[in-house]
Amino acid sequence: MARSPVVARTLPALRRALTELREGGARVALVPTMGALHDGHLSLVRLAKRRADKVAVSVFVNPTQFAPNEDFASYPRTWKADAGKLAAEEVDLIWNPDVKVMYPDGFATRITTEGPALAGLEDRFRPHFFGGVATVVGKLFLQCRPDVAVFGSKDFQQLRVVTRMAADLDLGVKVIGAPTVRERDGLAMSSRNVYLSAEERSAAPTLYRAMKHTAKLMRAGKSFEPSLAAATKMIREAGFTLDYFEARHAETLEPVRSLKGGPVRLLVAARIGKTRLIDNMAV
Ligand code: AMP
């Protein structure tokens, strides 16, 4: 039987576990998560296994990336199930610090991000978000010193921000983006999907359908503006309040108006009931 992952909850325990993992020069991959693990997270773990000798997964619901009116308190916490799934994947180490370990009393430092973090997408609706993400991911990288780290393309702007930060701060970690894992009807897997009522859940794949339709029109040479307008209408008619549905350059996240300005990425964020969903797709 495979060995259960080591679970570290303090920095000394983490350091001991990492020293053991690195014996013989083993390369370590880190997969940062907030727990409530689904098949999307597990696909990152599998990719990490292919890219490194040992895999560490962090499970930490990061308070600094939630605004006071957001769902930090109610965010799903499913430690037992998560630990079971990670053991089944034969992960080597789970880093599961308490909030007080990550942010001890008096903590007063924050990583500020620019460039892709100010693209006018998530940052427009969650202005606190990337500062919180960059701060915790920066800390995770310094705590674990991984050779590679795997993030989902599902959070496309976040992937760009973290990649930029790792390069800018010479953190010595290669950030790898993994494809989005979807339900059979196209809905991107997300820990927040459990918030959806049955009715909202049946409307939710509209985001995927709208992106797929728009990408097809764009690839066929249709102009961007009416294609985006049609998708916007489709999403609103399904009961969503739309935050954005945009075509951006996949690397710089700058707005693009034609295929020539690409590679083009469609990015969407919309709210239905109490749930906010985000998704994206290559054109
Ligand atoms: P979270 O726990 O939601 O913070 O996500 C942890 C990591 O899993 C992030 O890198 C996400 O982009 C990634 N992730 C979340 N959902 C999916 C999905 N459906 N497919 C692939 N990766 C995902």
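Tell me the relative contact order for the chain as a rounded percent, counting alpha carbon contacts under 8 Å between residues six or more apart. Rounded, it is 17 percent for the chain.
Hey, can you find the accessible area per residue of the chain for me, probe 1.4 Å, expressed in square angstrom?
It amounts to 49 Å² per residue over the chain.
Taking a threshold of 20 Å on the Cα-Cα distance, which of the pairs K49/K174; K80/K139; K49/K80 fall above it? Exceeds cut-off: K80/K139; K49/K80.
In order along region 112-128, the Karplus-derived 3J(HN,Hα) couplings, from 6.51 cos²θ - 1.76 cosθ + 1.60 at θ = phi - 60°, round to 9, 10, 10, x, x, 6, 10, 6, x, 10, 4, 4, 6, 9, 9, x, 7 Hz, and Gly and Pro are given as x.
Helix 79-88 against the longest principal axis of the chain: what's the angle in degrees, Cα atoms only, rounded to the nearest 10? It is inclined by approximately 80 degrees.
Size check on region 25-65: the Cα extents along the three principal axes, sorted descending, read 34, 22, 11 Å.
Average the reciprocal distances over every distinct pair of alpha-carbons in region 191-282, invert the result, and give the Kirkwood radius in Å.
Values: mean 1/r = 0.0746 Å⁻¹.
With all distinct Cα pairs of region 191-282 included, I get 13.4 Å.
In this structure R219 has an accessible area near 140 Å², from a 1.4 Å probe over the protein heavy atoms. Pair-distance distribution of the chain: all C-alpha pairs, bin width 5 Å, starting at 0; shares per bin in whole percent are 1, 5, 12, 16, 18, 17, 13, 9, 5, 3, 1, 0. For Y75, the accessible area of its heavy atoms, probed at 1.4 Å with every protein chain present, is near 20 square angstrom. The alpha-carbon of K216 sits under 22 angstrom from the alpha-carbons of these lysines, leaving out residues fewer than 8 places away in its chain: K154, K233, K260. Qualifying trypsin sites (Lys or Arg not before Pro) in region 108-185, where qualification requires a DSSP coil assignment and no more than 14 other C-beta atoms within 10 Å, comprise R110, R184. With contributions of -39500 (n - 2.57) from each DSSP H run of at least four residues, the per-residue ellipticity at 222 nm computed over the chain stands at -11000 deg cm²/dmol. Averaging the Cα positions of each part gives two centres, and for region 189-225 and region 1-39 these lie 35 Å apart.
For region 6-178, which whole percent of the accessible surface, found with a 1.4 angstrom probe, sits on carbon and sulfur atoms?
Details: 4070 of 7750 Å².
After summing per-atom areas, the C and S share lands at 52 percent.
Taking every DSSP beta bridge that has both ends in the chain, the antiparallel portion is near 50%.
The values are calculated or read from the model by the stated rules, or taken from the named source; none is laboratory data. The shown structure was predicted, so the numbers you read here are calculated from the model rather than taken from an experiment. For neighbour counting, all protein chains shown are included, and Cβ atoms are generated from backbone atoms with ideal geometry for every residue, glycine included. The area values use the complete protein model at the heavy-atom level, side chains included, leaving out ligands, DNA and RNA. Shrake-Rupley method; radii C 1.70, N 1.55, O 1.52, S 1.80 Å.
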